[in-house]
Ligand code: C5P
């Protein structure tokens, strides 16, 4: 494949997520710690005069027209900003479940911006990539940098946390898609305070801090999708589980463990007990993962 390029779109994990307010336009103000896992979709590019997208991979069948459009929309916005015509044959290998709280569509759009900037040799001439990212969705800017960060605003203001300890986690999705807007709408009660500074001196200090925080969308999401509670109960019951929580607006949940071996044991137990669930052992990565294969 002469001229082929590839870019990973890593899963985004909200390790905690506080809803701190609501704007007049209906968007919610957040204070959230995000990290990115070495589990990803992959976007491939081959030169072609036409601009097109092919979907492939185990989760491609679940994609709605809306979700795949975000990749093409990202490309068209980037080309507009650069004053060129979009071109190239994109192939999206979809491995992350759709509508699952780990950023899939946003990660794919961010990967498209990174990939096409390289493929089209834009060298910054398309202007401000983060603002193009922000115009595509609240989570796209954090997926553009794909590194650990505290996000505020509607999730678009990023403060990198470079020294976050590497985390071993098990990701589990009960294969029930959950749309984000109804989960935000189902949230009630007072708003939370900001999550505050993240202690990074040790895993135990970090875990103590994280345990005292929460995901404010977890209860409303569980009301709308009861399978989330089942996932959290199973994760919390795994030997060595240090914390189990939902990511984003669900339904994917994560459990943190001390090391890769105990994570793998839990992955195999949960996978065998629930063959219909999406179960992936993962590690957080400090930067954008290289595309597999
Ligand atoms: O920006 P994005 O398209 O990812 O957001 C999807 C929906 O999630 C929004 O239309 C809104 O209903 C909700 N949302 C929100 N507050 C945020 C992010 C998303 O209310 N900070």
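The values are calculated or read from the model by the stated rules, or taken from the named source; none is laboratory data. Since we're looking at a predicted model, the values are computed, not measured. As a convention, Cβ positions derive from the backbone with ideal geometry for all residues, glycine included, and neighbour counts pool all protein chains shown.
Test residue 11 against the criterion of being within 30 Å of residue 163 (Cβ to Cβ), modelled with pLDDT of 95 or more and within 16 Å of the ligand (Cβ to nearest atom), and give yes or no.
yes
Within segment 8-19, does at least one residue satisfy the condition of being touching a residue at least 12 places away in the same chain (Cβ under 8 Å) and outside any strand (DSSP E or B)?
Scanning segment 8-19, I find no residue that is touching a residue at least 12 places away in the same chain (Cβ under 8 Å) and outside any strand (DSSP E or B), so the answer is no.
Failed condition for residue 224, given (1) within 16 Å of residue 32 (Cβ to Cβ); (2) modelled with pLDDT of 95 or more, with all others met?
Every condition holds for residue 224 apart from (1).
Filter segment 1-30 for residues that are within 18 Å of residue 187 (Cα to Cα) and surrounded by 24 or more Cβ atoms within 10 Å (Cβ to Cβ) and give the result.
14, 17, 30
Would you point out which residue out of 90, 115 is touching a strand residue (DSSP E or B) at 6+ places or on another chain (Cβ under 9 Å), in a helix (DSSP H, G or I) and away from the ligand (no atom under 16 Å from the Cβ)?
Details: 90 fails: in a helix (DSSP H, G or I).
Selected residue: 115, the only one of 90, 115 that is touching a strand residue (DSSP E or B) at 6+ places or on another chain (Cβ under 9 Å), in a helix (DSSP H, G or I) and away from the ligand (no atom under 16 Å from the Cβ).
Give just the number: which of (1) at pLDDT 95 or above; (2) buried (at least 20 other Cβ atoms within 10 Å of the Cβ) does residue 89 not satisfy?
Looking at each condition in turn, residue 89 falls short on (2).
Taking the criterion of being buried (at least 18 other Cβ atoms within 10 Å of the Cβ), within 30 Å of residue 237 (Cβ to Cβ) and within 14 Å of the ligand (Cβ to nearest atom), would at least one residue in segment 118-133 satisfy it?
no
Which residue, of 34, 54, is in a strand (DSSP E or B) and modelled with pLDDT of 95 or more?
Being in a strand (DSSP E or B) and modelled with pLDDT of 95 or more holds for just one of 34, 54, which is 34.
Looking only at helices (runs of 4 or more DSSP H) that fall completely inside segment 137-216, which ones have 3 or more residues that are within 16 Å of the ligand (Cβ to nearest atom) and modelled with pLDDT of 95 or more? Spell out the reasoning first.
Values: elements: 140-145, 180-186, 203-211.
In segment 137-216, the matching helices (runs of 4 or more DSSP H) lie at 140-145, 180-186.
I need the full set of residues from segment 21-35 which are away from the ligand (no atom under 11 Å from the Cβ) and in contact with a helix residue (DSSP H, G or I) (Cβ under 8 Å, 6 or more places away or on another chain), in order please.
Taking segment 21-35 and keeping what is away from the ligand (no atom under 11 Å from the Cβ), we get 24, 33-35.
Listed by number, the residues that qualify are 33, 34.
Given (1) surrounded by fewer than 18 Cβ atoms within 10 Å (Cβ to Cβ); (2) without any contact (Cβ under 8 Å) to a residue 40 or more places away in the chain, identify the lone condition not met by residue 259.
Evaluating residue 259 over (1) surrounded by fewer than 18 Cβ atoms within 10 Å (Cβ to Cβ); (2) without any contact (Cβ under 8 Å) to a residue 40 or more places away in the chain leaves (2) as the failure.
All but one of (1) within 15 Å of residue 255 (Cα to Cα); (2) not in a strand (DSSP E or B) hold for residue 244, so report the exception by its number.
Unmet for residue 244, out of (1) within 15 Å of residue 255 (Cα to Cα); (2) not in a strand (DSSP E or B): (2).
So, in segment 217-229, of the ones that are within 19 Å of the chain's Cα centre (by Cα) and within 16 Å of the ligand (Cβ to nearest atom), which residue ends up farthest from residue 153 (Cα to Cα)?
Here the residue is 221.
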